Structures are given as structure tokens and as C-alpha cells.
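The values are calculated or read from the model by the stated rules, or taken from the named source; none is laboratory data. Predicted, not measured: the structure shown is a model, and the values here were computed from it. Cβ sites come from the backbone with ideal geometry, for glycine too, and all protein chains shown count toward neighbours. Note: accessible area is taken over every heavy atom of the protein model, side chains too, but ligands, DNA and RNA are not part of it. Shrake-Rupley method; radii C 1.70, N 1.55, O 1.52, S 1.80 Å.
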Amino acid sequence: MASISYTSSFTSLQLSSQPPFKNTTTYNPRAFHGRTRISASVSDTQPLSASTQPESTNLPVRKIPGGCGLPMIGPLTDRLDYFYNQGREEYFKSRIQKYQSTVFRTNVPPGPPIASNSNVVVLLDGKSFPVLFDVSKVEKKNLFTGTFMPSTELTGGYRVLSYLDPSEPNHEKLKKLLFFQLRSAASKVIPEFHSSYSELFEKLEAEIASTGKTSFTEANDQAAFNFLARALHGVNPADTKLGCDGPKLVSKWVLFNLHPLLVLGLPKLVEELLIHSISLPPALVKKDYNRLYEFFYESSGFLLEEAEKNGISKDEACHNFVFATCFNSFGGMKFLFPNMMKSIGRAGAKVHTKLATEIRSVIGSNGGKITMGIMEQMPLMKSVVYECLRIDPPVASQYGRAKRDLIIESHDAAFEVKEGEMIFGYQPFATRDPKIFDRPEEFVPDRFVGEGEKLLKHVLWSNGPENERPTVANKQCAGKDFVVLAARLLVVELFLRYDSFEIDVAKVPIGVSVTVTSLKRASF
């Protein structure tokens, strides 16, 4: 096979007010100077699309079924069902059956005493769910984690971007800063991904040769953190005081943010008393968090200068970079990539051969280069990535508070939601909606090939439809295209190197644990 040239970066990126960015730079890890004037596939002033939710309806208006039970007792009973007696998916499925509706009232964790009000209107279909993206109808202030908000002591005393509503002045400033960071990093993304994940694959091969199996999940944590630090901040963690400690520090800090929503496998009574009923003291993780903060502060010089130019203090900007890189990006890759390996691994050797053939053929016919534009010529690879994002969306839950009285439509009925009510959507039910997708529970590798691309509007992982773009006026993930690019690169790197692979899968508190048991080296 022809030698491979790793070329920068997003072809979906565009020069500001200029022709589309062209990918012509051959990979050189020392060539990046951090000030490329390109912009992510976002428009800072792009107007919001028209709402998919009508103010009037032709469907029968139905009273929202369900209920939240007695104070304290109802939330506690529902929490036990959600975490232990039924589990999250069965919790929702059983209530759909009970109420014969994908829209109903219930409680969601954590409930009292951490969250004073756990009552929500639940949306569990692909038609009703998008109202949660319409910021003209729902408020997003302090709702990133749902009915409770972790202490700002975990983020330096600041409400970081994820907790801001677009109506708040700092939202625009901070989201523009993240767009600037993505533009500045564009030339490094593809080569740094190749470097970081080549190290991962070499480690996997060595461990399989030694023990017959290896944990992809553990190796991915280090590779993902290294990639993000190198690509977005221009620093290799191993060359700093942080060393290889980044992933474990992030995991501990994320636990302190999300523990009321997790099941860790401890005895039920212990979990209920220690992580579902009280907030863990931020002081216990402060030392670890400070190590992360210092690493990002020292490696984000020109980004912090840009923040100051736009009225954001270096301190606040750095806390936002920690959150965006560690919680949003690293957390997303920690969840998404093992799930991708799970789905693609289970798809079997026939699908693997098709992917390897497509990827190697396209790259070989383009002089051995890997660019975003060249990857656009790989319809099966692109479809596989979108199908992974559909079947296991990295962010499962979305919340919004009704700004006014609303009418929300499911496929079968319309429902009146009152101003101030909390609306909750569990995304896997929306993206596996049988009235939208055929064989919704199956991983269908070519689902989004050809005419299937029309279904991308129903892929919702990024806090918005896949065929829409993040702007300062909405809450869609600033790094949406960055995540898609990274996911595509994982598939490309995997099948340039291997014909096929085999795995074992186990559940863990966040995502899945994937053990690789076989890697078949490329033979054609």
C-alpha cells in the first residue's frame, strides 16, 4: 500500500469571508504556529432555524399522563427504580407502556435532598425531543446536568459555558473563544490524532502478544487525553509535570461532578447514602483539579491572551478550557470510542473488510494522504460513524425549562406544557425511534449511505440535529465537527492498520469496557 501522508485538517472549515479552506499541508508536527485564520463549520451570526414545534396543532391535545407521587416518597421510589429495581432504560420503557405515551410526567434522579425538585415532563420520541434544542422556547440556564447543578467550587467559582443560557452575555464570549481555539488547532488535529492513536495501537499489539488480550478502554483514556492536549493546546502531557496522570485526575473530578447520577457498583445502601443523597465536598478533589488547571494555564498562553482581548479574564478562560477539554471532549471520547469499538467489533469481519477496502482504496488513489476532504469520499466509513453516534449518543440526557406555555407534539398527540416546567429528554429513545428508523435497535453500518443521509436530521448527539451547525445563539456543541472528525479518524486509522479485530464487552458506570482479544494486521 502507498505510504500515508497526514494532512490538516477540517475541510468543513472555512476561511472567514474567503473561499473554503484547502487541505494541502503535509504532516509536519513542528510546523504549527497556532494562528491559522480558519473557522469551524459554524457561523457566529447564523440565525436559528425555524422551530419544529408548532404553537397550534392538528393532533388531539391530551393531558400529560403520569405523576410524581408524594413529596420525598415519590422521588425516592422513582430513584430506586431508575438505578436499581429496573435500570434506566426499563424505567422509561415501563412507563411508556403504562401510560401508552412517549410523553409523560415522572421524577428523575437525583431528587431530594440534592435536587429540591425532581419533577419533569419526559420526551421519549424523535418528534417531541427537538423542542429541547429550541432556545426560543426553553431556557438552558444551569441545566447541563439536569435537576441539580454541581458546586461552582469544582470549576474555580465560575459558571462555565455548559451551564449558561444563550441569553447570558458571557455565553457568546465563551463560545466564540472555543471557536477560536478550534480554528487555531485545525492544522494539528489529523497529525496529532495519528501520533496519539499509533501509540495506542502499538500498546494494544504488545499486550495482546504478551497476554492474549488488552483493554482498549484504559489505553483510549491516555490516548484521548494526549491527543486533546497536543492538538488543542500544543503540549505533550508526558513532557510536563502532569505526566501521564491526566486521565485519572479527570475521571476523579468528573465523578465529583456527576456522582448523584451514577451507579458505581457499591452496595445499594452505601451508594444511596454517600453519592445519591449528599454532594461530595469539592475540597476532596481540589488538589487534583488544581494540577489540571495549572497544566492548561501553562499550555494555553495565546488562547488566554485572546480571551483577555475579548473581555474574559485569563482565570475564567482557563477554567472553561479545563471543562471543555476534560469534561466535554475527553468525557465524550471516553464514552464514544469504546462504544464505537463495541458496535464495529460486533458488526463482524464482513463489515470490517468493506471498511478496510473503502478506506485503503480512497487513500491510495489520493496519493496516500489523509484529509477531511478525502474522508468525505468514504460513504460507508461516514455512515458507520453516524450510526455509532445514533445508537449510543455520547450525551444521553437533555433538559430545558419552558420559557412560556408550549404545545409539544409526539407522533400521536399534542401536550400542553406550562411556563416554568422542566422538560427532560432521554436521547437514545429519540434516536432509536421506530417511527423514524427501520430496525432502530440494530447497528446498521450503511444506514446513512445515499438516500439515508436524509435521516441525519434525526441524529441528535450534539444538542442539536447533525445537519445543523453550532452558533453563539444556540446550545449545540461548539466542537460538534471536531468530534465527528476524531471519530472518523479512529475508524480510518483502525482499518488502515488492521483487516479485522475481535472484542469482549462489559458494562461500567460510564459507557462500556472493551477488551480487544485479536488484531489482524492489514494484508492488502
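Sort segment 141-268 into rounded, prolate or oblate with this rule: let a ≥ b ≥ c be the square roots of the eigenvalues of the Cα gyration tensor; rounded if a/c is under 1.5, and if a/c is not under 1.5, prolate when a/b is larger than b/c, oblate otherwise. Note, shape of segment 141-268 comes out oblate. Protein heavy-atom accessible surface, 1.4 Å probe, per residue over segment 388-484: 37 Å². Over 27 Å between Cα atoms: which of Lys309/Lys457; Lys309/Lys480; Lys203/Lys286; Lys241/Lys268 fall into that group? Flagged as over cut-off: Lys309/Lys457; Lys203/Lys286; Lys241/Lys268. Each of Thr155, Thr240, Pro379 was placed along the dipole of the chain (beta-carbon charges, centred on the mean Cα), and the one lying farthest toward the positive end is Pro379. Estimated at 0.36 nm per residue, the fully extended path between Met72 and Ile278 surpasses their Cα-Cα distance by 72.7 nm. Distance from the alpha carbon centroid of segment 245-307 to that of segment 379-407 works out to 25 angstrom.
Estimated from helices alone, the mean residue ellipticity of the chain at 222 nm is -12000 deg cm²/dmol (sum of -39500 (n - 2.57) over DSSP H runs with n ≥ 4, per residue).
The slack between Lys93 and Glu376, meaning 0.36 nm per residue of separation minus the straight C-alpha distance, is 98.1 nm.
Rounded if a/c is under 1.5, else prolate if a/b beats b/c, else oblate: with a ≥ b ≥ c from the C-alpha gyration tensor eigenvalues square-rooted, which is the chain? It comes out rounded by the Cα gyration axes. Take Tyr84, project a point 7 Å from its Cα along the Cβ direction, then tell me which residues of segment 238-268 have their backbone nitrogen under 18 Å from it. It comes to 259-268, nothing else. How many percent of the accessible area of the chain is carbon or sulfur, using a 1.4 Å probe? With neighbouring chains kept in place, the figure for the chain is 52 percent. A simple spin-label model places pseudo-atoms 7 Å from Cα toward Cβ; at Thr240 and Lys403 they are separated by 3.8 nm. Each of the peptides 151-162, 102-113, 512-523, 458-469 was scored by the mean count of other Cβ atoms within 10 Å over its residues; in descending order, highest first, they stand as 102-113, 458-469, 151-162, 512-523. With q set to 0.13, 0.23, 0.24 Å⁻¹, the log10 of I(q)/I(0) for segment 269-380, from the Debye formula over equal scatterers at the Cα positions, is -0.85, -1.21, -1.25. Among the trypsin sites (Lys or Arg not before Pro) found in segment 219-276, those both in a DSSP coil and sparsely packed, with 10 or fewer other Cβ atoms within 10 Å of their Cβ, are Lys241. Using C-alpha pairs under 8 Å with a sequence gap of at least 6, the mean separation divided by the residue count of the chain gives a relative contact order of 24 percent.
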